[in-house]
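Peer 1: Quick one: structure below, then a few questions.
The values are calculated or read from the model by the stated rules, or taken from the named source; none is laboratory data. The shown structure was predicted, so the numbers you read here are calculated from the model rather than taken from an experiment. For neighbour counting, all protein chains shown are included, and Cβ atoms are generated from backbone atoms with ideal geometry for every residue, glycine included. When the accessible area is computed, the model is the full protein with side chains, heavy atoms only, and any ligands, DNA or RNA have been set aside. Shrake-Rupley method; radii C 1.70, N 1.55, O 1.52, S 1.80 Å.
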Amino acid sequence: MIYLDYLVLIAGFIFLIKGADFFVDGSSSIAKKFRVPPILIGLTIVAFGTSAPEAAVSINAALKGSNEIALGNVIGSNLFNFLLVIGISSVINPMKVQKGTILKEFPFTILTSLVLFILCADIPLQGASVDILSRADGLILLSLFLIFLYYLVEMAILSKEDYKEEVKDISLGKSIIISIVGIIGIMFGSEWVVNASSSIAIRFGMSQNLVGLTIVAVGTSLPELVTSIVAAFKNESDIAMGNVIGSNMFNLLFVLGISSVIRPIPINSIIFVDMIYLLIVTIITYLFAITKRTVYRGEGMFLSLSYVVYMAFIIMRN
């Protein structure tokens, strides 16, 4: 029976990743036809498409009452993105960062991580009996997400005329069909991942937090890793960095916002350590980025090793 859980988990990740891949291909094709600039494709379609596994798994977990998996998945995925995705991509090819990303998107990401910590810290800040990400907190996160979307739309309008890239000749109908197939794959994959990971956690006495921070977070973040590595090899650091920033914003604001509106998420006090670590990691990555607007190979190695150390820490903590 245990082998069946592992097979279902692997099959779920395959459906999630391939589904996200189809969704990104289809929707990116549509976007390119409308001359959307590369940085915007990274911040929206690629980022949101590669974050679809996190969204599907977290929302599915919230519906099933496995809320700690939902929160752990988002925190773990964002740490994976900042440390391993940016780290490995920078080692492959020093990652250049646009001025707008440094001045606007990165600071907003730091602010969002801080807001999440504040919303979760009900006991120390409000004297409440429990820490919980309530439905009202979820609505606050979704409101911030709408502000982020407004900024992206505004940026698209301002930069659209400067975009001259050739567009592949893929019909609109085919692009829509590919996108729908991707969504179906994501739906089935998320169901299998939540069921199998919950079963594995119970069998081995692992907490839902640990499962969300490790197995589920790494599995659902593989699309971001693959997408950014490919972009790094092609020297398209705009898409690689935009993918990470957009994906993390999507995870923190939309995924957690929707999940907590569906069902309030009780906060295990141990997750605050991971939230603080995420905030510190975000600030450190930002400091690396503002150094000549480039994340260099040495800094990428530091970020990658920091993720290895973090994984060892949370496994020992459990």
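Peer 1: Please give the number of the condition residue 175 fails out of (1) out of contact with any Ser or Thr (no Cβ under 6 Å at 6 or more places or on another chain); (2) among the polar types (S, T, N, Q); (3) modelled with pLDDT of 75 or more.
Peer 2: Tallying (1) out of contact with any Ser or Thr (no Cβ under 6 Å at 6 or more places or on another chain); (2) among the polar types (S, T, N, Q); (3) modelled with pLDDT of 75 or more, residue 175 fails exactly one: (1).
Peer 1: Additional query: Filter the stretch 73-122 down to the residues that are open to solvent by 10 Å² or more (accessible area, probe 1.4 Å) and charged (D, E, K, R), then identify the one that is nearest to residue 250 (Cα to Cα).
Peer 2: Checked the stretch 73-122; the qualifying residue nearest to residue 250 (Cα to Cα) is 104.
Peer 1: Go through the stretch 289-316 and give me each residue that's free of Cβ contacts under 8 Å to residues at least 60 places away in the same chain and either within 21 Å of residue 208 (Cα to Cα) or in contact with an Asp or Glu (Cβ under 9 Å, 6 or more places away or on another chain) (or both).
Peer 2: Correct list: 291, 308, 309, 312, 313, 316.
Peer 1: Looking at residue 309 and the list (1) over 16 Å from the mean Cα position of the chain (by Cα); (2) within 14 Å of residue 94 (Cβ to Cβ), which single condition is not satisfied?
Peer 2: (2)
Peer 1: Being among the hydrophobic types (A, V, I, L, M, F, W, C), open to solvent by 30 Å² or more (accessible area, probe 1.4 Å) and modelled with pLDDT under 75, is that true of even one residue in the stretch 61-71?
Peer 2: no
Peer 1: Residue by residue through the stretch 183-206, note down the ones that are of a type outside the set (Phe, Trp, Tyr), at pLDDT 80 or above, within 26 Å of residue 26 (Cα to Cα) and out of contact with any Gly (no Cβ under 6 Å at 6 or more places or on another chain).
Peer 2: Residue satisfying the conditions is 184 alone.
Peer 1: In the stretch 192-206, is there at least one residue being within 25 Å of residue 6 (Cα to Cα) and not in a helix (DSSP H, G or I)?
Peer 2: Taking every residue of the stretch 192-206 in turn, at least one turns out to be within 25 Å of residue 6 (Cα to Cα) and not in a helix (DSSP H, G or I).
Peer 1: Taking the stretch 103-160 as the region of interest, how many residues are closer than 18 Å to residue 261 by Cα, touching a residue at least 40 places away in the same chain (Cβ under 8 Å), out of contact with any Pro (no Cβ under 9 Å at 6 or more places or on another chain) and small (Gly, Ala, Ser)?
Peer 2: Adding up the residues that qualify gives 1.
Peer 1: Scan the stretch 166-182 and report the pairs whose first residue is under 20 Å from residue 15 (Cβ atoms) and whose second residue is modelled with pLDDT of 80 or more and open to solvent by 50 Å² or more (accessible area, probe 1.4 Å), with Cβ atoms within less than 9 Å and a gap of 6+ or a chain change.
Peer 2: 178/22; 179/22; 180/22; 181/22; 182/18; 182/22
Peer 1: Here's another thing I want to ask about it. With (1) more than 20 Å from the chain's Cα centre (by Cα); (2) open to solvent by 50 Å² or more (accessible area, probe 1.4 Å); (3) of a type outside the set (Val, Ile, Thr) as the list, and residue 277 as the residue in question, which single condition is left unmet?
Peer 2: With respect to (1) more than 20 Å from the chain's Cα centre (by Cα); (2) open to solvent by 50 Å² or more (accessible area, probe 1.4 Å); (3) of a type outside the set (Val, Ile, Thr), residue 277 is out only on (1).
Peer 1: If you scan the stretch 70-80, which residues turn out to be closer than 14 Å to residue 258 by Cα and β-branched (Val, Ile, Thr)?
Peer 2: Correct list: 74 only.
Peer 1: Hey, any hits in the stretch 278-285 for a residue that's touching an Asp or Glu at 6+ places or on another chain (Cβ under 8 Å) and either outside any helix (DSSP H, G or I) or over 23 Å from residue 194 (Cβ atoms) (or both)?
Peer 2: For the stretch 278-285, residues touching an Asp or Glu at 6+ places or on another chain (Cβ under 8 Å) and either outside any helix (DSSP H, G or I) or over 23 Å from residue 194 (Cβ atoms) (or both): absent.
Peer 1: Continuing with the same structure: Determine whether residue 228 is of a type outside the set (A, V, I, L, M, F, W, C), under 15 Å from residue 119 (Cβ atoms) and open to solvent by less than 10 Å² (accessible area, probe 1.4 Å).
Peer 2: The answer is no for residue 228.
Peer 1: Testing residue 252 on (1) farther than 14 Å from residue 78 by Cα; (2) modelled with pLDDT of 85 or more, one condition comes back false. Which one is that?
Peer 2: Condition not satisfied by residue 252: (1).
Peer 1: Hey, another quick one. Taking the condition open to solvent by 10 Å² or more (accessible area, probe 1.4 Å) and in contact with a strand residue (DSSP E or B) (Cβ under 8 Å, 6 or more places away or on another chain), does residue 317 pass?
Peer 2: no
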